[in-house]
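Structure, as structure tokens:
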């Protein structure tokens, strides 16, 4: 399965994008501020531009695993029910650790992660839990059957 995150609105304090699943629009996304980071930059260059907890991840291609229990969200009842606490985790994000796809509404909820939902309120997403509930089974099926899920952030 191939996911694509297209960053569309790069604003002060947040970034709104679109998530495509195998080339088809699936939902909107919310991230922290895009500071122009790219996976082809060195770690030193990334750290020079990154502001901790308020910077979107570098553009690039990342593998996603569903096989890691989230230390932060693993005990949350919603995630226990929907995904047994094993949220989609992006692997090998240069200069960042623990980048997940999860629920939330504002940039304060992201901490560098990707929030899924509907962008019907400026600077926010709504219906995030409903969106996550629709996305996770697709990811799980692909991960079990294909073993590979990638996300291209551009």
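The numbered conditions (1) closer than 20 Å to residue 122 by Cα; (2) under 14 Å from the mean Cα position of the chain (by Cα) are all true for residue 9 except (2).
Contact annotation: residue pairs with Cβ atoms under 6 Å, 6 or more positions apart or on different chains, pairing a residue in segment 67-92 that is at negative phi with a partner that is outside any loop (DSSP other than H, G, I, E, B) and surrounded by fewer than 19 Cβ atoms within 10 Å (Cβ to Cβ), are 82/133; 89/65; 91/63; 91/65. Considered as a group, the residues in segment 13-36 that are touching a strand residue (DSSP E or B) at 6+ places or on another chain (Cβ under 7 Å) and outside any strand (DSSP E or B) include one that is farthest from residue 90 (Cα to Cα), and that residue is 13. A single member of 79, 25, 14 is closer than 18 Å to residue 127 by Cβ and exposed (fewer than 14 other Cβ atoms within 10 Å of the Cβ), and it is 25. The residues of segment 114-134 that are under 20 Å from residue 89 (Cβ atoms) and surrounded by fewer than 20 Cβ atoms within 10 Å (Cβ to Cβ), listed by number, are 129, 133, 134. Taken over segment 108-123, the criterion of being farther than 23 Å from residue 77 by Cβ and either out of contact with any strand residue (DSSP E or B) (no Cβ under 6 Å at 6 or more places or on another chain) or modelled with pLDDT under 95 (or both) is satisfied by 112, 121, 122. Given the condition in a loop (DSSP other than H, G, I, E, B), in contact with a strand residue (DSSP E or B) (Cβ under 9 Å, 6 or more places away or on another chain) and within 17 Å of residue 22 (Cβ to Cβ), answer yes or no: does some residue in segment 81-97 qualify? Looking through segment 81-97, at least one residue is in a loop (DSSP other than H, G, I, E, B), in contact with a strand residue (DSSP E or B) (Cβ under 9 Å, 6 or more places away or on another chain) and within 17 Å of residue 22 (Cβ to Cβ). Can you spot a residue in segment 61-80 that is in a helix (DSSP H, G or I) and either under 19 Å from residue 110 (Cβ atoms) or in contact with a strand residue (DSSP E or B) (Cβ under 8 Å, 6 or more places away or on another chain) (or both)? Among the residues of segment 61-80, at least one is in a helix (DSSP H, G or I) and either under 19 Å from residue 110 (Cβ atoms) or in contact with a strand residue (DSSP E or B) (Cβ under 8 Å, 6 or more places away or on another chain) (or both), which makes the answer yes. Between 108, 24, 52, the distinction of being within 16 Å of residue 11 (Cβ to Cβ) and without any contact (Cβ under 8 Å) to a residue 12 or more places away in the chain belongs to 108 only. For the residues 113, 103, the requirement of being within 25 Å of residue 146 (Cβ to Cβ), touching a helix residue (DSSP H, G or I) at 6+ places or on another chain (Cβ under 6 Å) and touching a residue at least 12 places away in the same chain (Cβ under 8 Å) singles out 103.
Could we say that residue 47 is within 22 Å of residue 13 (Cβ to Cβ) and in a loop (DSSP other than H, G, I, E, B) here? So residue 47 does not fit the description; no.
The values are calculated or read from the model by the stated rules, or taken from the named source; none is laboratory data. Because the structure is a prediction, the values reported are computed rather than measured. Here the Cβ is made from the backbone with ideal geometry for all residues, glycine too, and neighbour counts use every protein chain on show.
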